[in-house]
1. So if each residue of separation counts as 0.36 nm, and I subtract the Cα-Cα distance between residue 126 and residue 201, what length gain in nm does that give?
2. Once label points are set 7 Å from the Cα along Cα→Cβ at both residue 282 and residue 50, what is their separation, rounded to one decimal in nm?
3. Excluding same-chain residues fewer than 8 positions from residue 63, which lysines have a Cα within less than 17 Å of its Cα?
4. Starting with the fewest neighbours, write out 70, 219 ranked by other beta-carbon atoms found within 10 Å of each beta-carbon.
5. Quick one: net charge of residue 85's neighbours, Cβ under 15 Å, K/R +1, D/E -1?
6. Quickly work out the residue 111-to-residue 221 label distance, labels modelled 7 Å from Cα along the C-beta direction, and quote it in nm with one decimal.
7. Would you work out which of 123, 113, 100 lies farthest towards the positive end of the dipole of the range 71-127, given +1 charges on the beta-carbon of Lys and Arg and -1 on that of Asp and Glu, about the Cα centre?
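What follows draws every value from the coordinates through simple rules; no lab data is involved. If you're wondering where the values come from, they're calculated on a predicted model, not measured in any experiment. Neighbour counts run over all protein chains shown; Cβ positions are idealised from the backbone, glycine included.
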Amino acid sequence: MNAYDASDIRLPNGNIRISITGRCNMNCFYCHNEGQDKVLPKDLSCGDFVKIFNTAREFGLRKITITGGEPLLHKDFSAIIRYCAQSGLKKIGICTNGILIPRHIETLASMPVIEIAIGIDTCQPDKISKQSDQGILFRDLEKNLRLLKDRGVRFSINTVYAGWNENEVMDICAYCLGNGINLRIIELDTRRFITAETLTDGFADILNKVVGRFGLRKETLPLGKGFVGFDQRGVSVRFYDAYCHNRDCVHCAGWTLRVDANGQAIICYARNEKTPILAVVSETMRANFHKALLRSSMLQNPEHRIAAVSA
């Protein structure tokens, strides 16, 4: 077996996240931008995306999430999404702030496998929809949400809980549950070590308040995936107890693989763990991809964690 044989190591859960641009039309203070440079952001060319995508398929790709920056800013966004859909993938996730939805609505509405996650931090009509000094008011963003709903595009809402924005989070819960929209609440990353079995007191508090106020049925998700509450119609509020927030590196490395707009596999954005993937020769691409996955799999084995991180 050679060093880049795809038969000996596979994509964790068949998942990959590819950032097609580091650019964004917002400037949210908490955004980690998939570990990319915010000062000199770059776009991944359509050709390079295809190279990475095709190589990932050799390693068991089944699901993809397109991220940024703001992916809908990419000039070839529609072409990239169409290429993914034509490959036969069963799920194409898109993370966006939702501002440019109208520009791409025909593409989004034409592909049933698309699932969009839209980040907002308020549902007050006259406030910008994110924790940013730029963007659009929620009343304008809400028109885009209605457009997605009218065109039958599946979408959910993400919001960040930072402690001091409890009232905003509760309002967003009421808005989403009232409009039949699934919501994910993500705790602001405090860079504190928390065991995989516990939550911070603040996040546990907001979880209990939401479940109690809206009468949700609470369930515990698999390790590292948090908790979820359902209303009587099945609309969900998910409390994301992130692997990264927990510093649960062992399980995180086994969940998904990120690739940034420079064509680097990101094992851990918080520790600048990156492995270049792009190459002119396809055999070298396979070898590089194999190396990135091998570094990820090593992090799953506590005996090899220190060696993998420091290599």
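1. Net length gain for the segment: 23.9 nm.
2. So the two model labels end up 1.2 nm from each other.
3. Excluding near neighbours in sequence, the set is 51, 90, 91.
4. With the fewest neighbours first, 70, 219 line up as 219, 70.
5. Result for the local shell: +4.
6. Rounded to a tenth, the inter-label distance reads 2.3 nm.
7. So the residue we want is 113.
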